[in-house]
Amino acid sequence: MGAPVPSAAVPVQPVQPVQPPREPSATAVKGALWLGSFLLFFGVMSFVATFVEGVSWWQYWPVIFVILGIVRMVVPAKPGHRTRHFVDGLVCFCVGGTLLPMSLGMVGWQTIGLMLMGLWPVLLMVAGLRILGGALKSPLLTLLAGACFAVFCVVGLVWYAVPGSVEHVVISAPYGRDYYIEMPPWFD
C-alpha cells in the first residue's frame with residue numbers, strides 16, 4: 001500500500017433552495033377572468049348568431065351577465081366570503097337569463113314592469129334576507145336571499161311574460177337544414 005494521495009480541495013458551493021413560482025396577484029387573476037369572459041362572450045355570440053336567422057350577435061348582450069355569473073359562482077372566493085360570492089354570481093346569472101328573452105324579442109320589455117308591480121314583496125324579502133345575512137354573517141340567509149331572487153326571475157317570466165315580436169325561431173344548420181321552433185303557448 002502506498003502513501004495516501006493528497007486530494008485537491010474542491011470548493012463546495014452552498015445549494016440554493018429552489019424558489020416556488022410566485023402566485024399570480026389577485027389583480028392579474030381578476031383581469032384574466034374579465035378578459036376571458038368577454039372573449040368567451042363575443043366568440044360564442046358570434047358563432048350562435050351565424051345559425052339563428054333574424055338575430056344579430058349584439059342582441060345576445062345579456063349573455064355577458066350569464067357568463068360573468070357562472071364565473072363568479074365557480075371561481076372560489078376567500079374563506080368567509082364564498083357564500084356571498086356565489087350568491088352574487090347567482091343574481092348576475094338570473095338577471096342575464098331574464099333579460100335574454102327580452103333582448104331576442106321573445107318576451108316584451110313590459111314584462112319587467114309587470115314583474116316589479118306583481119312581485120315587489122319578493123324583492124323586499126330578498127333585500128331583507130341579504131341584509132340579515134350580512135349583519136349576522138349567516139351563509140344560510142345569504143343563500144336564501146339568492147334563491148328568492150332566482151324565484152322572482154323565474155316566476156316573473158312565467159306569470160308576467162308579455163309576448164314579444166318573435167313568433168318562432170329559425171335555426172339554420174349546416175348543409176341548408178332549417179329548424180323552426182314555435183314560441184310556447186304560455187307566451188301568448
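The values are calculated or read from the model by the stated rules, or taken from the named source; none is laboratory data. Given the structure is predicted, the values throughout are model-derived calculations rather than measurements. Using ideal geometry, Cβ is built from the backbone for each residue, glycine included, and neighbour counts are taken over all protein chains shown. Remember, those area values only see protein heavy atoms, side chains included, never the ligands or the DNA or RNA. Shrake-Rupley method; radii C 1.70, N 1.55, O 1.52, S 1.80 Å.
For the range 16-24, the criterion of a residue being closer than 28 Å to Ile181 by Cβ, surrounded by fewer than 11 Cβ atoms within 10 Å (Cβ to Cβ) and more than 12 Å from the chain's Cα centre (by Cα) is satisfied by no position.
The set of residues from the range 123-167 being in a helix (DSSP H, G or I), open to solvent by 30 Å² or more (accessible area, probe 1.4 Å) and either among the β-branched types (Val, Ile, Thr) or on the phi > 0 side of the Ramachandran plot (or both) comprises Ile131, Val151, Val154, Val155, Val158.
Checking Met45, Met115, Met102 one by one, the residue that is part of a helix (DSSP H, G or I), out of contact with any helix residue (DSSP H, G or I) (no Cβ under 6 Å at 6 or more places or on another chain) and closer than 29 Å to Ser165 by Cα is Met102 and no other.
Is it fair to say Val29 is within 27 Å of Pro174 (Cβ to Cβ) and either among the hydrophobic types (A, V, I, L, M, F, W, C) or outside any helix (DSSP H, G or I) (or both)?
It is false that Val29 is within 27 Å of Pro174 (Cβ to Cβ) and either among the hydrophobic types (A, V, I, L, M, F, W, C) or outside any helix (DSSP H, G or I) (or both).
Within the range 70-99, residues that are assigned to a loop (DSSP other than H, G, I, E, B) have Cβ atoms under 7 Å from residues that are open to solvent by less than 50 Å² (accessible area, probe 1.4 Å) and of a type outside the set (A, V, I, L, M, F, W, C) in these pairs: Ala77/His85, counting only partners at least 6 apart in sequence or on another chain.
I'd like to check something: does the range 59-66 contain any residue that is open to solvent by 80 Å² or more (accessible area, probe 1.4 Å), touching a residue at least 12 places away in the same chain (Cβ under 8 Å), under 14 Å from the mean Cα position of the chain (by Cα) and over 30 Å from Arg177 (Cα atoms)?
no
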